[in-house]
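The values are calculated or read from the model by the stated rules, or taken from the named source; none is laboratory data. Model, not experiment: these values are computed from the prediction. Virtual Cβ from ideal backbone geometry, glycine too; neighbours counted across all protein chains shown.
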Amino acid sequence: MNTTNVIEIEKLKYEKKKSLIKSFSMLMIVGVCLVSSLYTFFYEEKENVNVKVGVSNGIQISVDAETWKTYIDNNDIISSAYVGNANQIPTKMNAVSSAGEVELSTGFMKIFKSFHEIDSSIESGYRIESQRTIETGGNNGDFIAFDLFVLSNEDTAVYLSNKSDVIAVENSCAKNALRVAFLYQGVSDSIDGAIELKGANSYTDYDQLTNIIWEPNNDKESSYYAVNQDIYGKDSVDYQSTGEEFTLVTPSIQTPVLNNEYGSSKTLFNLGKGINKIRVYAWVEGQDSDCSNNVSVNDIMYNIQISKDAEM
């Protein structure tokens, strides 16, 4: 074999190797793009339950009682809160029920995950079973819960602005069964003191000074019998029962669909001068008559606006 032939063969080997490397590189690029697309998809999925809280008229809010803003969102609530917090915004909210009872040792509101099961032996045809579901933190859990700190330079009343609304995308049950609770835990002049506050009372129709339940998207006067305890391993309990396992709840604030167009500002409570702590809960009320059996939803936008001005 002469020198020219050897050179030509080596040249062909080189071109073939170069082509393989190029093909492999393109395959890697496609793979990276595919992985990036999948990552983006799952990231967006996690953002389908969104919370935005804003304030105006000289008050500021925080998730750590130290860094003050006029607006917070999911990222602040989950990633920037104080050490030891029990904040959570799940990627999907499941039907639960709460009568607004507060556990004094923690300041947490008791919430029960409930299931309606077919049972022909009871009047409605469905029995209920429930078990308490607690805060697990991060993007886990069945409901939203977080601590909100409000800084005020004076004693003042605050209002849920008519700019507040809650939107559930393409799910009428979730829209009509949504609830939000504001638990006023107290006021302190120090960061550590504010974090430790847990002075909210349980909710009743007669004492709502520190525990406010808001029903957005309401189209009629609304009362319902919320679950107040575990209902598990008992004789069959009708989900429509009004017995000892349930408490009659009438939300203290009820606003219409498109509250920012057709609603009005509602009184929340009085802030003290200093760092005020409010624990916020949001859930899908499974005992609402508009809620279908064992619903879950992950397309919800909470827009909460708090103001010192009743007209805002």
Next on the checklist: Any residue that is surrounded by 16 or more Cβ atoms within 10 Å (Cβ to Cβ), touching a Gly at 6+ places or on another chain (Cβ under 6 Å), of a type in the set (D, E, K, R) and within 24 Å of Ile89 (Cβ to Cβ) - is there at least one of those in the stretch 209-225?
Outcome noted: no
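Residue under question is Lys198, and the condition is that it be farther than 25 Å from Asn50 by Cβ and basic (Lys, Arg); does it hold?
Details: farther than 25 Å from Asn50 by Cβ: yes; basic (Lys, Arg): yes.
Here the answer is yes, as Lys198 does meet what is asked.
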Item to check | Enumeration of residues in the stretch 242-267 that are assigned to a strand (DSSP E or B), surrounded by fewer than 21 Cβ atoms within 10 Å (Cβ to Cβ) and among the polar types (S, T, N, Q) | outcome: Gln254, Thr267
Checklist outcome for this item: Filtering the stretch 115-138 down to residues that are in contact (Cβ under 8 Å) with a residue 24 or more places away in the chain, of a type in the set (D, E, K, R) and within 16 Å of Gln287 (Cα to Cα) yields Arg127, Glu129, Arg132
Item to check | Among residues of the stretch 224-277, those that are within 23 Å of Lys113 (Cα to Cα) and of a type in the set (Ser, Thr, Tyr), counted | outcome: 10
Next on the checklist: Just the residues that are in a loop (DSSP other than H, G, I, E, B) and either over 15 Å from Phe149 (Cα atoms) or outside the structural domain of Glu154 (by TED's automatic domain parsing) (or both), please, taken from the stretch 268-290.
Outcome noted: Gly286, Gln287, Asp288, Ser289, Asp290
Checklist entry - What's the number of the condition Thr204 fails, among (1) of a type in the set (Ser, Thr, Tyr); (2) touching a strand residue (DSSP E or B) at 6+ places or on another chain (Cβ under 7 Å); (3) surrounded by 14 or more Cβ atoms within 10 Å (Cβ to Cβ)? => result (2)
Checklist entry - Just to be sure, is Tyr203 among the aromatic types (Phe, Trp, Tyr) and part of a loop (DSSP other than H, G, I, E, B)? => result yes
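Determine if the stretch 188-199 includes at least one residue that is under 22 Å from Lys113 (Cβ atoms) and touching a strand residue (DSSP E or B) at 6+ places or on another chain (Cβ under 9 Å). Outline the logic, then answer.
Filtering the stretch 188-199 for residues under 22 Å from Lys113 (Cβ atoms) gives none.
No: zero hits.
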Item to check | Asn217 vs. criteria in the same structural domain as Ile61 (by TED's automatic domain parsing), in contact with a helix residue (DSSP H, G or I) (Cβ under 8 Å, 6 or more places away or on another chain) and either without any contact (Cβ under 8 Å) to a residue 24 or more places away in the chain or assigned to a loop (DSSP other than H, G, I, E, B) (or both) | outcome: yes
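Please determine whether any residue of the stretch 182-193 is outside any strand (DSSP E or B), among the β-branched types (Val, Ile, Thr) and surrounded by fewer than 22 Cβ atoms within 10 Å (Cβ to Cβ).
Narrowing the stretch 182-193 to residues outside any strand (DSSP E or B): 189-193.
So of that shortlist, the ones also among the β-branched types (Val, Ile, Thr) come out as 191.
Checking the rest, the ones that are also surrounded by fewer than 22 Cβ atoms within 10 Å (Cβ to Cβ) come to 191.
Yes: the stretch 182-193 contains one or more residues that are outside any strand (DSSP E or B), among the β-branched types (Val, Ile, Thr) and surrounded by fewer than 22 Cβ atoms within 10 Å (Cβ to Cβ).
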